[in-house]
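The values are calculated or read from the model by the stated rules, or taken from the named source; none is laboratory data. These numbers come from a predicted model, not from an experiment. We place every Cβ from the backbone using ideal geometry, glycine too, and count neighbours over all the protein chains shown.
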Amino acid sequence: MTLLLACVFVLLHASAIFFLPAFAMQVSYVFLLAAPALACAAALRRSARDGWRHSRGWLLVALAMASWTLGMAASLRQDLFLANANAAPGDSTLLFILFGVPIVLAVSASYVEGDSVLLRVIDAALALALGYLFYVHTFSLITLHGASSMIQALRVALMFDAENLFLLAAAAIRLTAADRRGERHFYRTMVVFTGLYAVATFYYNHFVALGDHPDFGSLRDPLIDIAFLAFALQAWRDPDGRRRLRRPSPALSRVVRTASPLLMALALLVVSVVVLRERFYLGVAGIGVAVLGYGVRTTLVQLKHMQTEEGLIRQRHALEELAHTDGLTGLANRRVLDEMLERAWILQESASQRVAVLMIDVDHFKKLNDRYGHAAGDACLRMVSRALLGATGRPGDVLGRYGGEEFALVMFGRSLQVALQVAERLRAAVEKLAIANADSPYGIITVSIGAASCLVAERSLEALLATADSALYAAKQQGRNRVVGLE
């Protein structure tokens, strides 16, 4: 339906010129104003449907269409009210050339959620600098009245050609790397529009305006409508969610998205070089703004990436710490204890390296849970873990929760005799807490500890742990709240 309406629009334009030759210029202006206005309305509608915060590209293109519409209105004023038949009046020409600046910004700025305001300010500053240099260059070629010679008018036409080709190339580059449906729809629309617009304006500027029909009102005027109507059709349609999305390689997407701000800096750089011949210092300033703006922008993006990377590293470290920490007591978990012991046997840095293990079990813990509840049991384990940690001894010793109400202490370079002394200190520290446990023969929470020690080269890890478990079992058999050591 929308395609049919576009065809009707073009046919009406051509028919009005053909059947009303006396008013051909006036009716042609009506259609030439309506076409970009429709494109502007379609871009605004797309922005509203996609959400204003996520559719800055469409908003910038709507601004471009508004600039082109104003340029056509200025041309109408020159032709119908000022009777100025010049092919390139200054006001309309400037608005037509400035139409490209928001499009350059739309296809160059990598707008993503989370972009800082400062990045957008830099992009806008570069766009304003580009617009100002276009203004300077335009009025170095023509005056407000227009071009004074055919050579000047031709140079203006060549400026349009260069801008249009740049817009087409920039949109095509972004389309090749678009990996999201909405993004691909936008850049496909821009490629269609800028391609049709470049062809239509090249033909019209060189073969109509500078050729046999300098004024509007010929049957070739509807050619200009086609690009704007094609844009309106594309913008009006929703992306086809059923159509399979062709995804480019992730590497290409990253490269193009990262380098896309270079397009704005490149445009500003090229125009600055052109302006050098007319106003040297202004051209140099433009080059400086392009280089400095892109450099500052790149630095800010790198800083943001570094901050993101540092945040990810901190999160990874936090996750690693959680993976190695018991959630209830805050001590090392069994995974850490097992890894430490395995490493000692794998590395075997010295044949005389000695490892001691204390297996610590909270006596009658199930009875405590049954009488006082699991909350009281958890509180008891936390208090016991703090008491054990405070009595461990050397910083190199590692205390951890081995599972349930069982703890373990791994010590390097400790003999069995020293290990038993440490174990007695741990037992006394828990007994001193005097945590009530009515179902225990002692009336309070106590611990039983089994100790074992060996040379790494003389016994396996499994044998050491089995010996420590046997010592713990013996401590329980002997009445609990005691320490037993086995070689």
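The listed residues are 201, 299, and the only one of them that is assigned by TED's automatic domain parsing to the domain that holds residue 169, surrounded by fewer than 14 Cβ atoms within 10 Å (Cβ to Cβ) and either modelled with pLDDT of 85 or more or among the β-branched types (Val, Ile, Thr) (or both) turns out to be 299. Taking every residue in region 427-446 that is loosely packed, with under 14 Cβ neighbours inside 10 Å and pairing it with any residue that is polar (S, T, N, Q) and not in a strand (DSSP E or B), at least 6 positions away or on another chain, the pairs with Cβ-Cβ distances below 7 Å are 443/437. For region 142-171, the set of residues classified as touching an Asp or Glu at 6+ places or on another chain (Cβ under 9 Å) and crowded, with 20+ Cβ neighbours inside 10 Å is empty.
Screening 23, 18, 9 for residues that are more than 22 Å from residue 237 (Cβ to Cβ) and touching a residue at least 24 places away in the same chain (Cβ under 8 Å) leaves exactly one candidate, 18. When region 447-472 is filtered for residues that are of a type in the set (A, V, I, L, M) and surrounded by 15 or more Cβ atoms within 10 Å (Cβ to Cβ), the ones remaining, listed by number, are 447, 449, 451, 452, 456, 461, 464, 465, 468, 471, 472.
The listed residues are 75, 92, and the only one of them that is over 19 Å from residue 128 (Cβ atoms) and in contact (Cβ under 8 Å) with a residue 40 or more places away in the chain turns out to be 75.
Matching residues to (1) at pLDDT below 90; (2) surrounded by 15 or more Cβ atoms within 10 Å (Cβ to Cβ); (3) not hydroxyl-bearing (Ser, Thr, Tyr):
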| residue | (1), (2), (3) |
| --- | --- |
| 323 | yes, no, yes |
| 377 | no, yes, yes |
| 398 | yes, yes, yes |
| 406 | no, yes, yes |
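Residue-wise test of (1) farther than 20 Å from residue 387 by Cβ; (2) among the aromatic types (Phe, Trp, Tyr); (3) within 55 Å of the chain's Cα centre (by Cα).
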residue	(1), (2), (3)
430	no, no, yes
436	no, no, no
442	no, yes, no
446	no, no, no
455	yes, no, yes
460	yes, no, yes
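So if I check each of 157, 232, which one is of a type in the set (Gly, Ala, Ser), over 24 Å from the mean Cα position of the chain (by Cα) and farther than 25 Å from residue 9 by Cβ? Reasoning before the result, please.
Details: 232 fails: farther than 25 Å from residue 9 by Cβ.
None of the others qualify; the one that does is 157.
Looking across region 248-263, just one residue is of a type in the set (D, E, K, R) and loosely packed, with under 14 Cβ neighbours inside 10 Å, and that is 254. Applying the condition of being out of contact with any helix residue (DSSP H, G or I) (no Cβ under 7 Å at 6 or more places or on another chain) and among the aliphatic types (A, V, I, L, M) to region 91-146 and asking which residue is modelled with the highest pLDDT yields 128.
Can you confirm whether region 103-126 contains a residue that is in contact (Cβ under 8 Å) with a residue 12 or more places away in the chain, among the basic types (Lys, Arg) and under 25 Å from residue 172 (Cα atoms)? No, because not a single residue in region 103-126 is in contact (Cβ under 8 Å) with a residue 12 or more places away in the chain, among the basic types (Lys, Arg) and under 25 Å from residue 172 (Cα atoms). Just one of the numbered conditions (1) surrounded by 13 or more Cβ atoms within 10 Å (Cβ to Cβ); (2) within 46 Å of the chain's Cα centre (by Cα) is not true of residue 365: (2).
When the residues of region 28-51 are filtered to those that are among the aliphatic types (A, V, I, L, M) and in contact (Cβ under 8 Å) with a residue 60 or more places away in the chain, the one that is farthest from residue 233 (Cα to Cα) is 32. Identification of helices (runs of 4 or more DSSP H) wholly contained in region 161-263 with 3 or more residues that are among the hydroxyl-bearing types (Ser, Thr, Tyr) yields 181-203.
Tell me, yes or no, whether region 406-414 has at least one residue that is over 24 Å from residue 378 (Cα atoms) and of a type in the set (Phe, Trp, Tyr). Can you show your working first?
Residues of region 406-414 that are over 24 Å from residue 378 (Cα atoms), as a first pass: 411-414.
Applying the additional criterion that residues be of a type in the set (Phe, Trp, Tyr) yields 412.
Yes - at least one qualifying residue is present in region 406-414.
Return the only residue of 400, 393, 450 being assigned by TED's automatic domain parsing to the domain that holds residue 356, on the phi > 0 side of the Ramachandran plot and not in a helix (DSSP H, G or I). So the residue among 400, 393, 450 that is assigned by TED's automatic domain parsing to the domain that holds residue 356, on the phi > 0 side of the Ramachandran plot and not in a helix (DSSP H, G or I) is 393.
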